[in-house]
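Written out below as structure tokens is the structure these notes cover.
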Amino acid sequence: MSPTITEVDVYDIRFPTSEQLDGSDAMNPDPDYSAAYVVLRTDAPGGLAGYGLCFTIGRGNDVVAAAIATLRPYVVGRTVDSVTGDLGAFYRLLTHDSQLRWLGPEKGVMHMAAGAVVNAAWDLAARQAGRPVWELLAGMTPEEIVDLVDFRYLSDALTRDEALEILRRAEPGRAGRAEELRRRGYPAYTTEPGWLGYSDEKLTRLAKEAVAAGFTQIKLKVGADLDDDLRRMRLAREAVGPGIRIAVDANQRWDVAEAVHWMRALAPFEPYWIEEPTSPDDVLAHAAVRAGQPIRVATGEHVANRVVFKQLLQAGAVDFVQIDAARVAGVNENVAILLLAAKFGVPVCPHAGGVGLCELVQHLSMFDYVAVSGSWDDRIIEYVPHLHEHFTDPVVMENGRYQAPTAPGFSARMVPETLTDYRYPDGPVWVARQELAR
């Protein structure tokens, strides 16, 4: 008989990254990287559980945790097999409650909360199967994969039959690509040198260290002051040389005219892309920025759902799609976005600047390479070196490439000490800071 899910535990975990300005950018000057962390407990022998999270940057983490708790009635008491045996139905169950969906619909805090639980269910399924999530997904038939997707609102751009055709075209080479992935790893770039709060000396030092570590691309935050950005781009280009790509990220700072002016000014330094030049909801503004200046456009980390991604692709507004493992409603919706990107021939370069995001999103890109796009041309995953020590299966980076995870699950499980020490507001790390502030 299948074990039962007995509880949905939710933890408010926060890290004081604002003290060193790690993660700082033009719109988010003092982030405390945080996670509303979910554990699906079961009564299975051996303590089988599923782990997931929703990334935030501090205040508001408690709001997401509260939203996750509202989904508890849909989870507790269900058999594990009823969840893991039909993850498409489980995803739709969590996202189609009419009263909770009303708060979006299918966007915002409630949608992110559903994504955290969906991702925990995928972790549970992969642990039950004894495989990492990327392998579990890549081992599914095309029919099983499309059954994960909600095609409502997508069929004018991507039908079920078209999705099946994409997956069937990639099917013959799956085994070879999986083996190549295990052997070589997946390409990565690093944002470590580029946080806006870092000094010029730190930027230069970290940029040189990134090249020495094998990275072929770095990223700088921009958008606060044009003169500062011109100086920082000059320093970065001098540090890495002409053969290394430098992407830039405005974190939604600009209106269209400002974005066009800024990027024309930065163009002599050959930015590889401009990321989030304007509001993530404004499809037409992204199209106008793309048409108005010479640098390619990337966006996606704050895009609310598959529908906005569909429109960005239909409008020809982006050159790179940037999925986020914890922004939309989990693995299922990201599978839909990967299929949309494949239909339109646009490469996917995920966002991973946040606690746990590198751990999660590597699985999605690796699945894309093996079973969807069949390519890593122009595809690359963001990497930041912060906070991996808090996970039992942290990312492994070698020579600028993510190494394929081998442990069962979604790489989402945090070490027990972290759940004690960084619990907000009563964990010892936060209690000590409150006492110092008195």
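At a glance:
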read-out: Test: residue in region 291-302 that is basic (Lys, Arg) and touching a strand residue (DSSP E or B) at 6+ places or on another chain (Cβ under 8 Å); value: yes
read-out: Hey, residue 336 over 22 Å from residue 56 (Cβ atoms) and open to solvent by less than 30 Å² (accessible area, probe 1.4 Å) or not; value: yes
read-out: Criterion violated by residue 391 - all others in (1) closer than 18 Å to residue 352 by Cβ; (2) surrounded by fewer than 19 Cβ atoms within 10 Å (Cβ to Cβ); (3) hydrophobic (A, V, I, L, M, F, W, C) satisfied; value: (2)
read-out: Qualifying residue in region 133-149 (condition: open to solvent by 60 Å² or more (accessible area, probe 1.4 Å) and out of contact with any Gly (no Cβ under 6 Å at 6 or more places or on another chain)); value: yes
read-out: Selection from region 243-266 of residues that are under 21 Å from the mean Cα position of the chain (by Cα) and assigned to a helix (DSSP H, G or I); value: none
read-out: All strands (runs of 3 or more DSSP E) inside region 1-118 with 1 or more residues being of a type in the set (Lys, Arg) and open to solvent by 10 Å² or more (accessible area, probe 1.4 Å); value: 5-14, 34-42
read-out: One residue from 354, 374, 330 being modelled with pLDDT under 95 and not β-branched (Val, Ile, Thr); value: 354
read-out: Answer residue from region 410-438, given it is assigned to a loop (DSSP other than H, G, I, E, B) and not small (Gly, Ala, Ser) and is farthest from the chain's Cα centre (by Cα) among those; value: 438
read-out: Residue list for region 292-317, filter: among the hydrophobic types (A, V, I, L, M, F, W, C), assigned to a helix (DSSP H, G or I), open to solvent by 10 Å² or more (accessible area, probe 1.4 Å) and in contact with a helix residue (DSSP H, G or I) (Cβ under 9 Å, 6 or more places away or on another chain); value: 308, 313
read-out: Top-ranked residue of region 318-337 - restricted to ones that are aliphatic (A, V, I, L, M) and in a loop (DSSP other than H, G, I, E, B), ranked as nearest to residue 363 (Cα to Cα); value: 325
read-out: Pairs, first within 18 Å of residue 192 (Cα to Cα) in region 242-264, second assigned to a strand (DSSP E or B) and hydrophobic (A, V, I, L, M, F, W, C), C-beta under 7 Å, six or more apart; value: 244/218; 246/218; 246/220; 247/273; 248/220; 248/274; 250/274
read-out: Residue, farthest from the chain's Cα centre (by Cα), within region 344-368, restricted to residues that are open to solvent by 10 Å² or more (accessible area, probe 1.4 Å) and closer than 20 Å to residue 177 by Cα; value: 345
read-out: Filter result for residue 394 (under 20 Å from residue 175 (Cβ atoms), more than 12 Å from the chain's Cα centre (by Cα), of a type outside the set (A, V, I, L, M, F, W, C) and not in a helix (DSSP H, G or I)); value: no
read-out: Long-range neighbours under 8 Å by Cβ, at least six apart or interchain, first residue under 27 Å from residue 55 (Cβ atoms) within region 281-307, second hydroxyl-bearing (Ser, Thr, Tyr) and part of a loop (DSSP other than H, G, I, E, B); value: 285/278; 285/279; 286/278; 289/278; 306/153; 307/153
read-out: Qualifying positions in region 267-291 - in a loop (DSSP other than H, G, I, E, B) and either touching a Cys at 6+ places or on another chain (Cβ under 6 Å) or charged (D, E, K, R) (or both); value: 270, 276, 281, 282
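Okay, residues lined up against (1) under 23 Å from residue 361 (Cα atoms); (2) in contact with a Cys (Cβ under 6 Å, 6 or more places away or on another chain):
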site: 11; (1), (2): yes, no
site: 34; (1), (2): yes, no
site: 37; (1), (2): yes, no
site: 52; (1), (2): yes, no
site: 61; (1), (2): yes, no
site: 64; (1), (2): yes, yes
site: 73; (1), (2): no, no
site: 78; (1), (2): no, no
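The values are calculated or read from the model by the stated rules, or taken from the named source; none is laboratory data. Everything numeric here is computed off the predicted structure, so don't read it as measured data. Note that we place each Cβ from the backbone using ideal geometry, even for glycine, and neighbour counts take in every protein chain shown. When the accessible area is computed, the model is the full protein with side chains, heavy atoms only, and any ligands, DNA or RNA have been set aside. Shrake-Rupley method; radii C 1.70, N 1.55, O 1.52, S 1.80 Å.
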